[in-house]
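Accompanying notes for the structure given below.
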Amino acid sequence: MYILFLKQFLRSRAVVLSLILILVIGVISILIGEQFLTRHEKTVTEVTRHQQEHITRNVNFHNDDLGLLLYYVRFTLINAPNPLAALSIGQRDVNPSIQSVTIRNLEGQRYDTDLTNPSNLQAGNLDLGFVIIYLFPLLIIAFMYDLLSAEQETGTWRLVAVQSTSTRRYIWTKVSIRALLLYALLIILFSVAILKLSLPLSGALLLFVLLSMLYLAFWFALCFWIVSFQHHSNINVLTLLSLWVVLAILLPASVNNFLTNRYPVPEALSTMVQQRDGYHEKWDMDKSGTMSKFYEHYPQYRKYALPDEDFSWLWYYAMQQAGDDDAHQFSLAMREKIGQRDRSSHLLALVIPTMHTQLQFNELAQTGLSNHLDFLDQTYGFHEQLRLHFYPKIFENALANEEDWGQFRPEYLDEHREIDGFDTLLPPLLLTLLLFVFTTINLRRI
């Protein structure tokens, strides 16, 4: 009987065409993900080559003045994408993956981003995560909305009730056939992704697959629950499409708007203003005030006395440091507000499966906001390490050719964020089980 039902279901051209369409779109999304990884790998290669050429060129021009040389020389920190980023690009198209900074004030450089066509950003990326979160539910709705109502409206339900040993088992068989086809399609897409993208078999990939399956199970449970009320097909499809709009578009947008207003970030402007004023106003202030703050920040450099000259690199970099110091509290406040937004969005998403799945996809692929915050934090440490390395040499008037410039190659973000599979899978699992319980209660009336 199971094979017979499967053949009957696939006899519909609309069913076959819709499965082929999602398969094609899924493969295209995987190819787009591959292009994303390839583009980033090419950029990293070019940046690595450019940094060596950039340093060599500037050393040749400014060998006798290390302070002037380091005014220009940039050092690179790279946030290399996880291979899973090809499946869920997340915020990687908005937030920079490469930071090239000088040892001058950091706050004026840390938030620089790439120039990107706004139209491309508005259109977004078609990755596999998008296909799973937005398109698969539409296919489930199309397969499930008339599960019962179609036979009731055509008058064949009474015949089924008489001939079938169990109407409920008959219904569950129809549901399982639809689930089998879509899960087979999902597995095919993941198989293509693993082979095409050479994805390593890891715990993160396993969680990505399991979360995708649970997400589809949630939509099957939701559709089955609506169908179990035995309304007309038109009512079912309108209800389910409305739920899709609410869950996929309205609620995530509302949460984003709420958190934006709940945690405003005026510190973004304040950080920029304080950083600029903290540096530029020092040109017209007494040097002793600037130096006292610098020595307070770096007491190990008190041994370097301020020369009597009108200009010195010791004073200049002390001014640069002053700009960062003046903006530091605003930078910390902004970092905390953004972190609060991220934590609150994850908390609210526990009851919004679409949003939870998207956020967890991004966490697994290291393309979410938390990854970018880690990148900004490490940029601070990277920049401070450079300062501590070069400040003494600048203040001692060392020559550029005394430095081993070959050691300064691009560094990479070192992130070891542990993903809790329990937190990732439990919310959609509980919602799915709850909906199936409600559905089972409704099916008793059939």
Q: Identify the single condition in (1) open to solvent by 30 Å² or more (accessible area, probe 1.4 Å); (2) of a type in the set (Ser, Thr, Tyr); (3) closer than 30 Å to residue 137 by Cα; (4) modelled with pLDDT of 90 or more that residue 12 does not satisfy, given that it satisfies every other one.
A: (4)
**Q.** Among the candidates 78, 103, 141, residue that is crowded, with 22+ Cβ neighbours inside 10 Å and modelled with pLDDT of 90 or more
**A.** 103
Q.
Under 7 Å between Cβ atoms, which residue pairs at least 6 apart in sequence (or on different chains) link something in segment 194-211 that is over 14 Å from residue 128 (Cα atoms) with a partner that is aliphatic (A, V, I, L, M) and open to solvent by 50 Å² or more (accessible area, probe 1.4 Å)?
A. 204/419; 207/419
Q. Among all residue pairs at least 6 apart or on different chains, which show Cβ distances below 8 Å where the first residue, located in segment 79-108, is under 30 Å from residue 207 (Cβ atoms) and in a loop (DSSP other than H, G, I, E, B) and the second is open to solvent by 30 Å² or more (accessible area, probe 1.4 Å) and of a type in the set (Asp, Glu)?
A. 96/112; 96/114
Q: Give the number of residues within segment 60-78 that are over 16 Å from residue 409 (Cβ atoms) and assigned to a loop (DSSP other than H, G, I, E, B).
A: 4
Q: Could you tell me whether residue 397 is touching a Gly at 6+ places or on another chain (Cβ under 9 Å) and under 26 Å from residue 91 (Cα atoms)?
A: no
Q) Has segment 109-129 got any residue that is crowded, with 20+ Cβ neighbours inside 10 Å, modelled with pLDDT of 70 or more and among the acidic types (Asp, Glu)? A) yes
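Here is a yes/no grid of residues against (1) open to solvent by 30 Å² or more (accessible area, probe 1.4 Å); (2) on the phi > 0 side of the Ramachandran plot; (3) of a type in the set (A, V, I, L, M, F, W, C); (4) assigned to a loop (DSSP other than H, G, I, E, B):
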site	(1), (2), (3), (4)
184	yes, no, yes, no
191	yes, no, no, no
194	yes, no, yes, no
200	yes, no, no, yes
207	no, no, yes, no
211	no, no, yes, no
217	no, no, yes, no
222	no, no, yes, no
Q) Does at least one position in segment 428-437 carry a residue that is open to solvent by 90 Å² or more (accessible area, probe 1.4 Å), more than 23 Å from residue 90 (Cα to Cα), outside any helix (DSSP H, G or I) and not small (Gly, Ala, Ser)? A) no
Q. Only one residue in 23, 10 is aliphatic (A, V, I, L, M) and within 33 Å of the chain's Cα centre (by Cα), so which one is that?
A. 23
Q. In segment 384-412, which residue that is assigned to a loop (DSSP other than H, G, I, E, B) and open to solvent by 30 Å² or more (accessible area, probe 1.4 Å) is nearest to residue 74 (Cα to Cα)?
A. 409
Q. (1) in contact with a Lys or Arg (Cβ under 9 Å, 6 or more places away or on another chain); (2) in contact (Cβ under 8 Å) with a residue 24 or more places away in the chain: which one isn't true of residue 339, the others all being true?
A. (1)
Q: Give the number of residues within segment 231-253 that are open to solvent by less than 70 Å² (accessible area, probe 1.4 Å), among the hydrophobic types (A, V, I, L, M, F, W, C) and without any contact (Cβ under 8 Å) to a residue 40 or more places away in the chain.
A: 4
Q. Considering only helices (runs of 4 or more DSSP H) fully contained in segment 273-373, which possess at least 1 residues that are over 22 Å from the mean Cα position of the chain (by Cα) and under 30 Å from residue 128 (Cα atoms)?
A. none
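Residues of segment 306-330 being among the small types (Gly, Ala, Ser) and under 15 Å from residue 110 (Cβ atoms), which ones?
Filtering segment 306-330 for residues among the small types (Gly, Ala, Ser) gives 312, 318, 322-323, 327.
Within segment 306-330, 323, 327 meet the criteria.
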Q: Using the structure shown, decide if residue 333 is surrounded by fewer than 21 Cβ atoms within 10 Å (Cβ to Cβ) and either in contact with a His (Cβ under 7 Å, 6 or more places away or on another chain) or modelled with pLDDT under 90 (or both).
A: yes
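The values are calculated or read from the model by the stated rules, or taken from the named source; none is laboratory data. Given the structure is predicted, the values throughout are model-derived calculations rather than measurements. Neighbour counts run over all protein chains shown; Cβ positions are idealised from the backbone, glycine included. Ligands, DNA and RNA are excluded from the accessible area calculation, which covers all protein heavy atoms including side chains. Shrake-Rupley method; radii C 1.70, N 1.55, O 1.52, S 1.80 Å.
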